[in-house]
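The values are calculated or read from the model by the stated rules, or taken from the named source; none is laboratory data. Here the structure is a predicted model, which is why all the values come from computation and not from measurement. Heads up, the Cβs are rebuilt from the backbone with ideal geometry, glycines too, and the neighbour counts pull from every protein chain shown.
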Amino acid sequence: MRLGTIRLSFLLLCVAIFFVAGPAPAQRKAPPDPARPKIRAITAFVNLDRAQYQQQIAEAMTLLKRARTVFESRDYEVETIRISTQPFAEYTKGLTTEQALAFFKSYDALATQQKFAASIGPAMLNADDPASQADLLVDILKNTQSINASLVVADENGVRWPSVGAAARSMQKLAATEHSQGNFKFSAIALVPPLTPFFPGSYHTGFGHQFAIALESANTVAAAFQGAPDLATARKRLIDRLGSEAMNIEELAGRVDRDTGWTYMGIDLSPAPMKNISIAAALETLTAQPIGSPGTLTGAATITAAIRDIQVKQTGYNGLMLPVLEDSRLAQRWSEGRLSLDSLLSYSAVCGTGLDTVPLPGDVTEQQLEFIIGDMASLAVKWHKPLSARLLPVTGKKPGDMTEFDDPYLVNATLQPIGGKNQ
């Protein structure tokens with residue numbers, strides 16, 4: 001009886017302490033590191049077979065969902081999951097245009113339902129491929145929402161001028177879409193290798209069953225450059241900071257590889273921006289000058305050299321990206337006339353993707369588009385590096401007008417003359 005009284009007294013004491021002191025405070029989760037990169041895309045590569053594509057997509061989605069879970073469990077935000085195929089002409093052989101469009105409308109509906117972005121690879125992968133592939137590509141992009149594609153305009157043997165013309169015609173046709181946004185899903189590509197995780201130039205030429213990672217890491221670059229006293233220090237800080245994150249990501253990707261049987265092909269370390277997460281702002285932190293001023297090319301070279309020195313498995317572009325309308329500061333500098341097609345091409349000689357999301361007046365001619373695409377392709381061949389042109393002519397708009405794109409990934413900007421302000 002006495003033992004029971006003691007137990008009751010102890011219980012009452014605990015209750016009293018609980019009400020006086022309150023429950024133990026829950027452990028607060030540390031706020032996310034503002035310099036940590038996001039996973040822009042986990043891209044699965046599938047060797048698509050029309051006869052069993054739904055099963056193939058289901059298997060790819062199992063991989064992608066598993067990979068997203070693994071990365072998110074380590075506090076990496078995953079923005080998109082994507083599926084990229086071999087060149088679409090390989091699995092539309094024997095189909096009429098109407099049959100091919102019907103297939104891609106079904107594929108597009110599946111992508112929308114399953115919430116993945118789709119790339120169907122390039123038209124005219126081979127030098128002797130017919131220009132009719134470009135015509136089909138335009139029809140596909142005009143009639144779908146989630147599908148991306150490209151067109152090859154140069155390879156190791158040089159610039160393919162007939163393909164350059166086909167790309168220019170495709171861009172003009174795609175400009176005649178709602179808000180002139182059709183070209184956002186299309187690029188002319190030069191020496192872009194297979195297994196690139198960034199869209200729209202993504203494709204593969206093998207057996208598939210592979211995946212790769214693309215980063216959104218302009219914030220990481222900005223953090224590395226903050227307070228750096230010189231270029232050498234800035235470069236070392238970027239190698240250390242981005243390299244540490246890349247190694248963590250590679251370790252997690254290896255885990256996904258082992259768990260799923262899908263082969264990890266590497267990471268594209270290009271520090272992609274996203275609106276206010278600005279690579280232009282990071283460059284301006286480094287140079288203390290508006291982008292477009294002297295020193296910009298040196299900054300571009302510094303970033304790309306650092307990326308190339310990071311010891312992880314790399315795939316894709318792996319260079320500075322300057323997508324004008326995906327970066328608020330870049331869009332601002334374009335509107336101010338501080339950037340031009342020529343300056344972007346000069347930076348591409350030492351860095352990344354070429355001419356990306358560049359807004360153009362609606363009256364740009366087919367010949368002008370050919371010259372712009374040809375300049376990009378010539379640069380890619382000269383330096384044997386992957387470049388692309390994603391140009392956005394805006395129907396009905398002239399220099400001085402503001403674009404009116406209606407896309408969550410695009411920033412609007414003031415259109416500039418094709419030859420710059422002095423022409």
Review point. Could you say whether any residue in region 222-236 is hydrophobic (A, V, I, L, M, F, W, C) and closer than 30 Å to MET402 by Cβ?
Key: yes
Revision key, fill the gap. Out of (1) farther than 15 Å from ALA218 by Cβ; (2) at pLDDT below 95, the one GLY319 does not meet is (1)
Study note, to complete from the structure: Checking ASP356, ASP406 in turn, the sole residue that is touching a residue at least 12 places away in the same chain (Cβ under 8 Å) and surrounded by fewer than 20 Cβ atoms within 10 Å (Cβ to Cβ) turns out to be ASP406
Practice item. Pick out the one residue from LEU174, LEU151 that is assigned to a strand (DSSP E or B), more than 22 Å from GLN56 (Cβ to Cβ), without any contact (Cβ under 8 Å) to a residue 40 or more places away in the chain and not charged (D, E, K, R). Key: LEU151
Exercise for review: Could you tell me which numbered condition ALA26 fails, if it satisfies all but one of (1) at pLDDT 95 or above; (2) surrounded by fewer than 17 Cβ atoms within 10 Å (Cβ to Cβ); (3) not β-branched (Val, Ile, Thr)?
Suggested key: (1)
**Study point:** ASP108, sole failed condition from (1) of a type outside the set (A, V, I, L, M, F, W, C); (2) closer than 21 Å to ASN183 by Cα; (3) in contact with a Leu (Cβ under 9 Å, 6 or more places away or on another chain)
**Key:** (3)
Point to revise | One residue from SER170, SER132 being more than 30 Å from ASP309 (Cα to Cα) and in contact with an Asp or Glu (Cβ under 9 Å, 6 or more places away or on another chain) | key: SER170
Exercise for review: Run ASN157 past the list (1) among the polar types (S, T, N, Q); (2) in contact with a Ser or Thr (Cβ under 9 Å, 6 or more places away or on another chain); (3) more than 19 Å from ILE372 (Cβ to Cβ) and report the number of the one that doesn't hold.
Suggested key: (2)
Check your understanding: Looking at this structure, is LEU387 out of contact with any Cys (no Cβ under 8 Å at 6 or more places or on another chain), of a type in the set (A, V, I, L, M, F, W, C) and surrounded by 24 or more Cβ atoms within 10 Å (Cβ to Cβ)?
Key -> yes
Check your understanding: Which condition number in (1) of a type in the set (Gly, Ala, Ser); (2) buried (at least 24 other Cβ atoms within 10 Å of the Cβ); (3) touching a helix residue (DSSP H, G or I) at 6+ places or on another chain (Cβ under 9 Å) is the one that SER202 fails?
Key -> (3)
Point to revise | Answer from ALA349, ALA389, ALA377 - the residue that is closer than 16 Å to LEU297 by Cα and among the small types (Gly, Ala, Ser) | key: ALA349
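Residues of region 378-392 being of a type in the set (Gly, Ala, Ser) and closer than 12 Å to SER187 by Cα, which ones?
Result: SER388, ALA389.
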Practice item. Filter region 263-314 for residues that are of a type in the set (D, E, K, R) and free of Cβ contacts under 8 Å to residues at least 60 places away in the same chain and give the result. Key: GLU284, ARG308
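To keep it simple, each residue is scored yes or no on (1) more than 15 Å from ILE310 (Cβ to Cβ); (2) surrounded by fewer than 24 Cβ atoms within 10 Å (Cβ to Cβ).
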| position | (1), (2) |
| --- | --- |
| ALA214 | no, no |
| GLY227 | yes, yes |
| ILE239 | no, yes |
| GLY243 | no, yes |
| TYR264 | yes, yes |
| ALA281 | yes, yes |
| PRO294 | yes, yes |
| LEU297 | yes, yes |
Practice item. Evaluate the following for ARG333: is it buried (at least 18 other Cβ atoms within 10 Å of the Cβ) and over 20 Å from the mean Cα position of the chain (by Cα)? Key: yes
